[in-house]
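Trainee: Take this structure first; my questions come after.
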Amino acid sequence: MRRALTLIPAAIVLVSATPAFAQTSETASSTNGQAVLLLAAIAAGLAAFLLVIILFGKSRSSTTASVRGRLGSLGASPEASKGFFGRFSILRRAARSAESAADKRGATNMIQNALEQSNIPLKTGEAIIAAIGLSLLAFVLVTAVMQSAIWGVIVGAVLLMGSLMFVNTVASRQRKKFEKQLPDTLNLIATSLRAGYSLLQAIEAVGEESPEPTRREFGRAIAEIRLGRPMEMALGDIAERMVSQDFEWAVMAINIQREVGGNLAEVLQTTSETMVQRNRLRREMKALTAEGRISAIVLSIMPIALFLFISAANPGYLDPMLQSTIGLIIMGVGVLFIIAGIFWMQKIVKVDV
């Protein structure tokens, strides 16, 4: 299966490059055009190869990856610490350099948390190299096809920002799903405690019977507890990874109950009912602010859509803006104002409950 996936990009390169070789045999006057097509075909093949590696490579499961990572750090498995690109020496060195640069700037934890929340099987350096590599390949491809470095830079920057937005969007969805499942999770723990289970057994029941991403997070906590980590720290890390203030309060209630005693099942049941009421209030506020949010989306998309429409309807109309220094400066300032307006409108329509 792995060899088949490796042959797919090679086939893409050969098929894409065939017209170029055919044209070479027919005439020698189109050498420049053939070189451009060959370069574009190679870039497309490399991009497809990298995408296949990222999407269809060996992924890590929640519990197994956590155990292997900790054992690998202790020296039990030297190959486990190489990461996803460990089989490629060049990519491994590049990933290490990127991770070191991110660590110096204090961005390692933020990137790693986003990758863990979105359940993407990449490390910090690997994700940075993948995003930059795809952006560079898009730059080469667009520049070769459109004969314009400006469009190559624009597409590369858009792809880089799109990668960041994709990870953040997936991570946000996972956090929202965890928050939505949290009342049922606490009810399951409370029910297990009433049935005579210990707290650890109740947590194991959650890790086995709950849907994703709750199952993944509690499965990781169970693996950490079995490796000797205190329960309160393992549960606290769940709240930190999923950025869940509600679960942080639940962990605080569990810690207080373990110190002073009390009916933990009743406390968790009350906490679950409170979360249900808060979720209902959030949905009501979301419905009341729907009109403002839709208006913000329309106003945000309108300048970009208008720019694309004018470029398609009258290609030469925007040349003075794209080919002059003053025009580029004006467009840059306009983009900054558009971004500032988007953030401003988000602050207006967003209500924290």
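What follows draws every value from the coordinates through simple rules; no lab data is involved. Keep in mind that this is a model prediction, so the values were computed, not measured. Cβ: placed from backbone, ideal geometry, glycine included. Neighbour counts: every protein chain shown.
Trainee: How many residues does region 174-206 hold that are closer than 28 Å to residue 114 by Cβ and in contact (Cβ under 8 Å) with a residue 24 or more places away in the chain?
Mentor: Within region 174-206, the subset closer than 28 Å to residue 114 by Cβ is 174-186, 188-189, 203-204, 206.
Imposing the further condition that a residue be in contact (Cβ under 8 Å) with a residue 24 or more places away in the chain reduces the set to 174-175, 177-186, 189, 203.
Matching residues across region 174-206 total 14.
Trainee: Out of the residues in region 317-338 that are more than 26 Å from residue 297 (Cα to Cα) and of a type in the set (Val, Ile, Thr), which is surrounded by the most Cβ atoms within 10 Å (Cβ to Cβ)?
Mentor: The residue in question is 326.
Trainee: A further question follows. When you check residue 233 against the structure, is it closer than 29 Å to residue 283 by Cβ, out of contact with any helix residue (DSSP H, G or I) (no Cβ under 7 Å at 6 or more places or on another chain), surrounded by fewer than 19 Cβ atoms within 10 Å (Cβ to Cβ) and not β-branched (Val, Ile, Thr), yes or no?
Mentor: So residue 233 does not fit the description; no.
Trainee: Can you tell me which residue in region 109-151 is surrounded by the fewest Cβ atoms within 10 Å (Cβ to Cβ), limited to those that are polar (S, T, N, Q) and without any contact (Cβ under 8 Å) to a residue 24 or more places away in the chain? Give the steps one after another, and end with the answer.
Mentor: Narrowing region 109-151 to residues polar (S, T, N, Q): 109, 112-113, 117-119, 124, 135, 143, 147-148.
Okay, now just the ones that are also without any contact (Cβ under 8 Å) to a residue 24 or more places away in the chain, so 109, 112, 143, 148.
Details: 109: 11, 112: 17, 143: 21, 148: 13.
Restricting to residues being polar (S, T, N, Q) and without any contact (Cβ under 8 Å) to a residue 24 or more places away in the chain, the top hit is 109.
Trainee: Which of (1) in contact with a helix residue (DSSP H, G or I) (Cβ under 7 Å, 6 or more places away or on another chain); (2) without any contact (Cβ under 8 Å) to a residue 24 or more places away in the chain does residue 271 not meet, given it meets every other one?
Mentor: Of the numbered conditions (1) in contact with a helix residue (DSSP H, G or I) (Cβ under 7 Å, 6 or more places away or on another chain); (2) without any contact (Cβ under 8 Å) to a residue 24 or more places away in the chain, the odd one out for residue 271 is (2).
Trainee: Taking the stated definitions as given, is residue 300 free of Cβ contacts under 8 Å to residues at least 60 places away in the same chain, within 30 Å of residue 332 (Cβ to Cβ), part of a helix (DSSP H, G or I) and more than 31 Å from the chain's Cα centre (by Cα)?
Mentor: Working: free of Cβ contacts under 8 Å to residues at least 60 places away in the same chain: yes; within 30 Å of residue 332 (Cβ to Cβ): yes; part of a helix (DSSP H, G or I): yes; more than 31 Å from the chain's Cα centre (by Cα): no.
Answer is no for this residue.
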